[in-house]
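What follows is a single structure, written as structure tokens, with notes after it.
The values are calculated or read from the model by the stated rules, or taken from the named source; none is laboratory data. Predicted model only: the values in this text are computed from it and were never measured. A quick note on method: Cβ atoms are made from the backbone with ideal geometry, for glycine too, and the neighbour counts reach across all protein chains shown.
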Amino acid sequence: MLKITQLIGLVVYAPKSPRKRGDGAEVAAKRIGKVRNVVCSPSGARVVGLIVHRRDIAGMVARPDLFVAFDSFEPFERGLLITRPDDGVDDAARARLGLDWDACIIWNGMDAKTEDGKQLGYVADIEFSTKTGKIKAFHLGDGNMSESLVGHVAVPGSMLVGYKDGWMIVAPEAAQLELSGGAAAKAGEGYARAKDGVSKAAKKAGSAAGKALDKGSRELGRALGKAKRAAGENPAKKAGEHLKGASSMFSDFANEFKKASK
């Protein structure tokens, strides 16, 4: 299993020539951009790929984001390498996976609540299978307090109901889940506060996401990005940037990726 915070911010490369497997030879590659976000299927229950922000041409002309399918990349140096350049990116990948692109969802940063209206926080991370893309759990954080203190609530993917009006909707049972991680959570403190209220950043992101969803996941990603930039850095971005700059952490990620892919 992997988490999206292990991916966001990583540099993405594409092979310059056919790759040689099993002989230990280095792979010639060119830098494409960085992972901006993770896209989920229209049902929201499966990760279908990555949104990669490509570098501007000559530092001036903006280029559209690149879609990389969930089964078309692997760890490379301190980033990711596209392994299926022919049918693993953009339209070819969407056609192969049978995706209704305009109906795909970006959960990261979106507010979450139960079917009966109880607000739980916002989606701070997603844990998913590298083989199938199926989501094991949504990790919900609370922007009113540091997650390092209160931890997060891990909502099983099976409790997902769907999307509605800018909100992730989950089963009522999710309101009874316990916090995991975080000093205060381990000490049994801050539980009520962690499950009530949503940060201004999360509200802005959720509102912008709701307005943009009907325009497709590209517009949704941009709306989330703008809201997060306006509100300051978020845990997912900071985690991704930290991971990118720490070779030992990337080594752990690469090992975990290989184990999960077996």
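Taking region 119-149, which residues are small (G, A, S), assigned to a loop (DSSP other than H, G, I, E, B) and either crowded, with 17+ Cβ neighbours inside 10 Å or at pLDDT 90 or above (or both)?
To start, the set of residues in region 119-149 that are small (G, A, S) comprises 121, 124, 129, 133, 137, 141, 143, 146, 148.
Now restrict to residues that are assigned to a loop (DSSP other than H, G, I, E, B): 129, 133, 143, 146.
Hits for region 119-149 are S129, G133, G143.
Does any residue of region 103-115 turn out to be within 13 Å of the chain's Cα centre (by Cα), within 26 Å of R31 (Cα to Cα) and of a type in the set (A, V, I, L, M, F, W, C)?
The answer is yes, given that some residue of region 103-115 is within 13 Å of the chain's Cα centre (by Cα), within 26 Å of R31 (Cα to Cα) and of a type in the set (A, V, I, L, M, F, W, C).
Quick check on P15: is it farther than 21 Å from W107 by Cα, modelled with pLDDT of 85 or more, surrounded by fewer than 18 Cβ atoms within 10 Å (Cβ to Cβ) and not polar (S, T, N, Q)? Steps first, answer last, please.
Values: farther than 21 Å from W107 by Cα: yes; modelled with pLDDT of 85 or more: yes; surrounded by fewer than 18 Cβ atoms within 10 Å (Cβ to Cβ): yes; not polar (S, T, N, Q): yes.
Yes.
So, R36, is that one surrounded by fewer than 18 Cβ atoms within 10 Å (Cβ to Cβ), modelled with pLDDT of 90 or more, under 25 Å from R63 (Cα atoms) and touching a strand residue (DSSP E or B) at 6+ places or on another chain (Cβ under 9 Å) or not? Break it down into steps so the answer makes sense when it comes.
Numbers: surrounded by fewer than 18 Cβ atoms within 10 Å (Cβ to Cβ): no; modelled with pLDDT of 90 or more: yes; under 25 Å from R63 (Cα atoms): yes; touching a strand residue (DSSP E or B) at 6+ places or on another chain (Cβ under 9 Å): yes.
Considered against the rule, which asks whether it is surrounded by fewer than 18 Cβ atoms within 10 Å (Cβ to Cβ), modelled with pLDDT of 90 or more, under 25 Å from R63 (Cα atoms) and touching a strand residue (DSSP E or B) at 6+ places or on another chain (Cβ under 9 Å), R36 comes out as no.
At pLDDT 95 or above, surrounded by fewer than 22 Cβ atoms within 10 Å (Cβ to Cβ) and hydrophobic (A, V, I, L, M, F, W, C): does that describe A45? Reasoning before the result, please.
On the way: at pLDDT 95 or above: yes; surrounded by fewer than 22 Cβ atoms within 10 Å (Cβ to Cβ): yes; hydrophobic (A, V, I, L, M, F, W, C): yes.
In short, yes.
I'd like to verify a number: residues in region 99-117 that are surrounded by fewer than 16 Cβ atoms within 10 Å (Cβ to Cβ), over 20 Å from N37 (Cα atoms) and not acidic (D, E), how many?
So the count comes out to 1.
Is there a residue being closer than 25 Å to E178 by Cβ and surrounded by 15 or more Cβ atoms within 10 Å (Cβ to Cβ) anywhere in region 48-56? If you could, list the steps in order and put the result at the bottom.
From region 48-56, those closer than 25 Å to E178 by Cβ are none; that's our starting set.
No; the residues of region 48-56 include none that is closer than 25 Å to E178 by Cβ and surrounded by 15 or more Cβ atoms within 10 Å (Cβ to Cβ).
For region 99-118, which residues satisfy the criterion of being in a helix (DSSP H, G or I) and either over 30 Å from D86 (Cβ atoms) or aliphatic (A, V, I, L, M) (or both)? Talk me through it step by step, then tell me what you get.
Here is the first cut: in region 99-118, the ones in a helix (DSSP H, G or I) are 101-103.
Scanning region 99-118 gives a single hit, A103.
Can you find a residue that is assigned to a strand (DSSP E or B), without any contact (Cβ under 8 Å) to a residue 60 or more places away in the chain and touching a Leu at 6+ places or on another chain (Cβ under 9 Å) anywhere in region 91-98?
Of the residues in region 91-98, the ones assigned to a strand (DSSP E or B) are none.
Among the residues of region 91-98, not one is assigned to a strand (DSSP E or B), without any contact (Cβ under 8 Å) to a residue 60 or more places away in the chain and touching a Leu at 6+ places or on another chain (Cβ under 9 Å), which makes the answer no.
Please name all residue pairs, on different chains or six or more residues apart, with Cβ atoms under 6 Å, provided the first residue is in region 166-187 and is closer than 29 Å to A103 by Cα and crowded, with 20+ Cβ neighbours inside 10 Å and the second residue is at pLDDT 75 or above and polar (S, T, N, Q).
V170/T114; A174/T114
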